[in-house]
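Take a look at the structure below.
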Amino acid sequence: MEKTQHGLGLAGPILLAIFVVFLGWYFLASYMGHLESPRVQEKMLTAHDDLLAIDGRHSGNKTAVGKFGLIFSTKDGGKTWQSRPSGTTKTLTAVSFADHEHGFIIGSAGAVLATVDGGATWRPQNSGTKDHLLGVYALSPVRVFAVGAFGILLSTTDGGRSWSKHELKWDRLIERIVKEGGYVEPNLNAVYFSSPEVGWVVGEFGVVLHTQDGGQTWISQRYGSDLPQLYAVKFLDPRRGWAMGQAGNLIQTRDGGQHWASVELETKRDLYDASLDGERGVMVGDGVVLVSHDAGSSWKSIGSKGEAQGFNGVALKSSEAIAVGRAGTMQLLSLDNVTSEKGSEAR
């Protein structure tokens, strides 16, 4: 009997010690997991509801768009999202805000939508084309450029009440390609302006077009029949810019596009979008997230999501970024307190 009572007496302290050890291990694992993972919050829709782009000027207000006419907005930096009616089932491929209130969305079959209330409501516009539109940039509430399939370039100077098509001379812009293989109109995937007069367009054949007169005339800065397709272009200022695309292809310029140089990255995954703000930058693609804390001089990976996970668009907000992508992914990425031994220096 005494032996049994003594055993029972030891059981209490032993169980307490095991509980303390377990509790300590739990909090340590949770802490380490927080340091290693850039993921803060994730929301999934369905496996078919791909989100393709995100934009917004206010630090907390962003709009994401995607397949089947999907439009979502957030006012709290991506913690909660609200669906917005689009009035269409077309694929919406890109979004751009000129200011806090005025924004534009473009999509398949020439779809164009506009908002004047910060994205709460959207109204259709007549783009004058049935070609798929792939990129848009709003310089102001009234001046907007859109690009898309078959070399289409549109612009408006009245807020979208009327759109004009620019006639690009591809036999001059990509002369070597046309001479070698016949006349072709390359897909144009993205457009970006660093000022009201200075802008760039990128697309198929690694093409980079440049304007210095507000889009009235365009010249080629780069192209080649063997070059990977470029999906996005971003500039920090009129001189420093980056364009990214297939197979980890990243090019940069430090002289306004007079010269473009390849940046060697460890990833060979497709890169779809980037967001830049001063010294900070983030770039996303097919299962990859790259971060820069030195104005794009170097890029470090903060995690790979695998083949099944992909990000199509990203927008910076303070020390975080909101990334959107396949299967309705809406994810917050922490850019601070995440380190990586792997990085790529710009060359």
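Numerical summary
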quantity	calculated
Single residue of segment 57-75 satisfying the filter (closer than 16 Å to Ser319 by Cα and at pLDDT 90 or above) that is most open to solvent (accessible area, probe 1.4 Å)	Asn61
Hits in segment 179-188 (condition: open to solvent by 20 Å² or more (accessible area, probe 1.4 Å) and either in contact (Cβ under 8 Å) with a residue 12 or more places away in the chain or in contact with a His (Cβ under 8 Å, 6 or more places away or on another chain) (or both))	Glu180, Gly181, Tyr183, Val184, Glu185, Asn187
Residue, modelled with the highest pLDDT, within segment 41-50, restricted to residues that are surrounded by 14 or more Cβ atoms within 10 Å (Cβ to Cβ) and out of contact with any helix residue (DSSP H, G or I) (no Cβ under 6 Å at 6 or more places or on another chain)	Lys43
Some residue of segment 188-201 being under 22 Å from Gly66 (Cα atoms), touching a Phe, Trp or Tyr at 6+ places or on another chain (Cβ under 7 Å) and of a type in the set (S, T, N, Q)	yes
Answer residue from segment 209-229, given it is within 18 Å of Ala149 (Cβ to Cβ) and in contact with a Phe, Trp or Tyr (Cβ under 6 Å, 6 or more places away or on another chain) and is most open to solvent (accessible area, probe 1.4 Å) among those	Tyr223
Residue count for segment 134-144, restricted to those that are open to solvent by 10 Å² or more (accessible area, probe 1.4 Å), in contact with a Ser or Thr (Cβ under 8 Å, 6 or more places away or on another chain) and not basic (Lys, Arg)	4
Unique residue being open to solvent by 40 Å² or more (accessible area, probe 1.4 Å), touching a residue at least 12 places away in the same chain (Cβ under 8 Å), of a type in the set (Gly, Ala, Ser) and farther than 25 Å from Val201 by Cα when the list is Gly78, Gly87	Gly87
Residues within segment 95-133 that are among the hydrophobic types (A, V, I, L, M, F, W, C), surrounded by 14 or more Cβ atoms within 10 Å (Cβ to Cβ) and either without any contact (Cβ under 8 Å) to a residue 12 or more places away in the chain or not in a loop (DSSP other than H, G, I, E, B) (or both), tallied	10
Unique residue being modelled with pLDDT of 90 or more and in contact with a helix residue (DSSP H, G or I) (Cβ under 6 Å, 6 or more places away or on another chain) when the list is Thr267, Thr329	Thr267
Residue count for segment 55-69, restricted to those that are free of Cβ contacts under 8 Å to residues at least 24 places away in the same chain and in a loop (DSSP other than H, G, I, E, B)	0
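One line per residue, one yes/no per condition, for (1) assigned to a loop (DSSP other than H, G, I, E, B); (2) touching a His at 6+ places or on another chain (Cβ under 9 Å); (3) among the β-branched types (Val, Ile, Thr); (4) farther than 17 Å from Ala232 by Cβ:
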| residue | (1), (2), (3), (4) |
| --- | --- |
| Val136 | no, no, yes, no |
| Ala146 | no, no, no, no |
| Phe150 | no, yes, no, yes |
| Asp158 | yes, no, no, yes |
| Asp171 | no, no, no, yes |
| Ile177 | no, no, yes, yes |
| Ala190 | no, no, no, no |
| Phe205 | no, no, no, no |
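Per-residue answers, yes or no, for (1) at pLDDT below 95; (2) over 28 Å from Thr46 (Cβ atoms); (3) over 11 Å from the mean Cα position of the chain (by Cα); (4) of a type in the set (D, E, K, R):
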position: Asp277; (1), (2), (3), (4): yes, yes, yes, yes
position: Asp294; (1), (2), (3), (4): yes, yes, yes, yes
position: Ile302; (1), (2), (3), (4): yes, no, yes, no
position: Lys305; (1), (2), (3), (4): yes, no, yes, yes
position: Ala308; (1), (2), (3), (4): yes, no, yes, no
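Here is a yes/no grid of residues against (1) in a loop (DSSP other than H, G, I, E, B); (2) touching an Asp or Glu at 6+ places or on another chain (Cβ under 9 Å); (3) open to solvent by 10 Å² or more (accessible area, probe 1.4 Å):
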{"residue": "Tyr231", "(1), (2), (3)": "no, yes, yes"}
{"residue": "Ala247", "(1), (2), (3)": "no, yes, yes"}
{"residue": "Ile251", "(1), (2), (3)": "no, no, no"}
{"residue": "His259", "(1), (2), (3)": "yes, no, yes"}
{"residue": "Arg269", "(1), (2), (3)": "yes, yes, yes"}
{"residue": "Ala274", "(1), (2), (3)": "no, no, no"}
{"residue": "Met283", "(1), (2), (3)": "no, yes, no"}
{"residue": "Trp299", "(1), (2), (3)": "no, yes, no"}
{"residue": "Gln309", "(1), (2), (3)": "yes, yes, yes"}
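The values are calculated or read from the model by the stated rules, or taken from the named source; none is laboratory data. The shown structure was predicted, so the numbers you read here are calculated from the model rather than taken from an experiment. We place every Cβ from the backbone using ideal geometry, glycine too, and count neighbours over all the protein chains shown. With ligands, DNA and RNA removed, areas are computed over all heavy atoms of the protein, side chains included. Shrake-Rupley method; radii C 1.70, N 1.55, O 1.52, S 1.80 Å.
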